[in-house]
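Just so it is clear, none of the values below were taken in a lab; they were calculated from the coordinates. Treat the numbers as computed from the prediction; the structure is a model and nothing was measured. We place every Cβ from the backbone using ideal geometry, glycine too, and count neighbours over all the protein chains shown.
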Amino acid sequence: MTSSNDASRPARAEMGDDIAVAFTVDALNVRGRIVRLGKAVDTAIRQHAYPAPVSRLLGEVMALAALLGASLKFDGKLIVQAETDGPISMLVADFTTPGFIRGLARFDEAALAALSDKDARDAGKLLGKGHLAFTIDQGKETERYQGVVAFTGSLANAAQEYFEKSEQIPTLVKLAAGQLSGADGEYWRAGAAMIQHLPPASGEAAAGDEDDWPRASALFDTLEDHELLDPGLSPERLLFRLFHEDGVRVFDPLPITWRCSCSREGLLATLRNFSREDRAHMVRDGKITARCQFCSREYVFSPEELEAKAEED
C-alpha cells in the first residue's frame with residue numbers, strides 16, 4: 001500500500017497498463033477504483049476487427065467489468081451484458097478471478113453504417129433501448145446472482161443506477177475507450193474510474209460531513225476521458241492530481257490479462273445438450289465444427305466422439 005497524502009512527494013509513475021487500482025480518500029469518506037486497459041482490450045477488439053463505434057463501446061464494457069470484477073473476494077466470474085434494440089444489439093464482457101477478462105459484441109452492420117458520424121459517437125443512438133445486466137457466478141455449486149437495470153443513455157449512468165439500487169451507496173462512474181497511435185501503429189485503450197461515498201464508521205455524520213460527497217463529486221467530475229486513456233499518466237499520478245489536497249491512499253495494483261476461458265471440453269459439453277437429431281444436422285463433411293464467439297478459436301469434433309461422450313454421461 002502506498003500513500004499520496006504528502007504533496008511534496010511525487011506520485012509513482014511506474015504503474016502501467018492492464019491493471020485495477022483501489023484507493024481511498026479517508027478525509028472525504030470515499031473509496032474507489034481506477035482501471036487502465038491496454039493490450040487486454042486491444043486483443044479483444046482485434047480478434048474480430050470491430051468497427052470503431054463498436055470497439056469503443058466494447059472497450060467501455062470491458063473496463064466496467066474489470067472495475068467491478070476487481071472487487072470480488074472469492075473465486076468466480078462477473079459478467080456485464082448489455083442487450084438492446086439498437087444497431088449494437090449486444091455487448092458482453094466477463095471478468096474471471098484473479099484477473100482475466102474477455103469481451104464480445106454483436107451488431108447490425110447495415111444499421112451501423114446508416115448512422116451519421118455524430119450518431120455513431122452517441123451511445124444512446126448506438127444501443128437504443130434495452131437493459132444492462134450484472135451477473136456474479138461463483139461456480140456450479142452456487143446460485144447465480146443477477147442485477148438488471150434499464151439502459152439510460154450511457155453505460156456509466158446505467159452502472160451508477162445499478163450500484164445505487166443494489167448497494168444503496170452514492171456512486172459515480174466514468175468510462176472511456178479510444179484508439180491511440182504508437183510506435184507500432186494504432187491500438188485501442190480503455191479506462192474506468194469509480195468513487196463511492198461511505199457512511200461514517202460511527203453511523204452518525206460529524207459536523208461538515210455533509211460537504212464531503214459534494215466535494216468528492218466535484219473533483220471527480222473534472223476527470224476527463226483523455227486522462228483515463230493517457231499511457232503516460234499513471235493511475236497514482238492521476239489520483240494525486242484529483243485528491244492531493246484531501247489525501248489519497250493508493251493500494252497495490254491488480255494485474256489484468258486478456259484470456260478466453262473456452263475449452264474443447266466445455267464446447268463438447270455444450271454440444272451434448274443438443275438432441276441427437278440436432279447434432280446430426282450439425283455434421284458437415286463428416287465432422288462437427290464449433291467456433292468460440294469470444295476468441296474465434298475453432299474446435300473440430302467427430303460425430304463418434306460426440307456420441308460416445310453423450311453415452312458416457
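Values as computed for the structure displayed
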{"read-out": "Hits among aspartates and glutamates - C-alpha to C-alpha of K174 under 12 Å, sequence gap 8 or more where chains match", "value": "E60, D221, E224, D225, E227"}
{"read-out": "Net lengthening on full extension, R276/T97 (0.36 nm per residue, minus Cα-Cα)", "value": "60.9 nm"}
{"read-out": "Net charge over other residues, Cβ less than 14 angstrom from the Cβ of P53 (K, R count +1; D, E count -1)", "value": "-1"}
{"read-out": "Under 13 Å from the Cα of K118 - aspartates and glutamates, other chains or at least 8 residues apart", "value": "none"}
{"read-out": "In Hz, Karplus ³J(HN,Hα) per residue of the stretch 222-236 (6.51, -1.76, 1.60; θ = phi - 60°; x = Gly, Pro)", "value": "6, 5, 10, 4, 5, 6, 5, 9, 5, x, x, 10, 5, x, 5"}
{"read-out": "Extension gain, E224 back to T135 (0.36 nm per residue minus Cα-Cα distance, nm)", "value": "29.2 nm"}
{"read-out": "Highest average packing first - 217-227, 58-68, Cβ atoms within 10 Å", "value": "58-68, 217-227"}
{"read-out": "Per-pair calculated FRET efficiency, R0 = 41 Å: E83 and F251 via Cβ, rounded to 0.05", "value": "0.75"}
{"read-out": "Translational diffusion of the chain, µm² s⁻¹ [Kirkwood Rh, Cα pairs; Stokes-Einstein; 37 °C; 0.692 mPa s]", "value": "155 µm²/s"}
{"read-out": "Listed residues L112, L127, L239, most fluctuating in the chain (Gaussian network, C-alpha, under 10 Å)", "value": "L112"}
{"read-out": "Residue among R102, R121, R189 with the largest mean-square fluctuation in a Gaussian network model of the chain, springs linking Cα atoms under 10 Å", "value": "R121"}
{"read-out": "11 Å beta-carbon shell around I88, net charge (K/R +1, D/E -1)", "value": "-1"}
{"read-out": "Angle in degrees between helix 212-221 and the longest Cα principal axis of the chain, rounded to the nearest 10", "value": "60 degrees"}
{"read-out": "Largest-first principal axis extents of the Cα set of the stretch 264-312 (Å)", "value": "29, 23, 15"}
{"read-out": "Under 9 Å, Cβ to Cβ, from R279 - net charge with Lys/Arg +1 and Asp/Glu -1", "value": "-1"}
{"read-out": "Highest-MSF residue in the chain out of L37, L175, L115 [GNM, Cα springs under 10 Å]", "value": "L115"}
{"read-out": "Estimated FRET transfer efficiency (H244, K73; beta-carbon r; R0 35 Å; 0.05)", "value": "0.75"}
{"read-out": "Length-normalised contact order of the chain in % [C-alpha pairs under 8 Å, at least 6 apart]", "value": "26 percent"}
{"read-out": "On Cα atoms only, tilt of 52-69 relative to the major axis of the chain in degrees", "value": "70 degrees"}
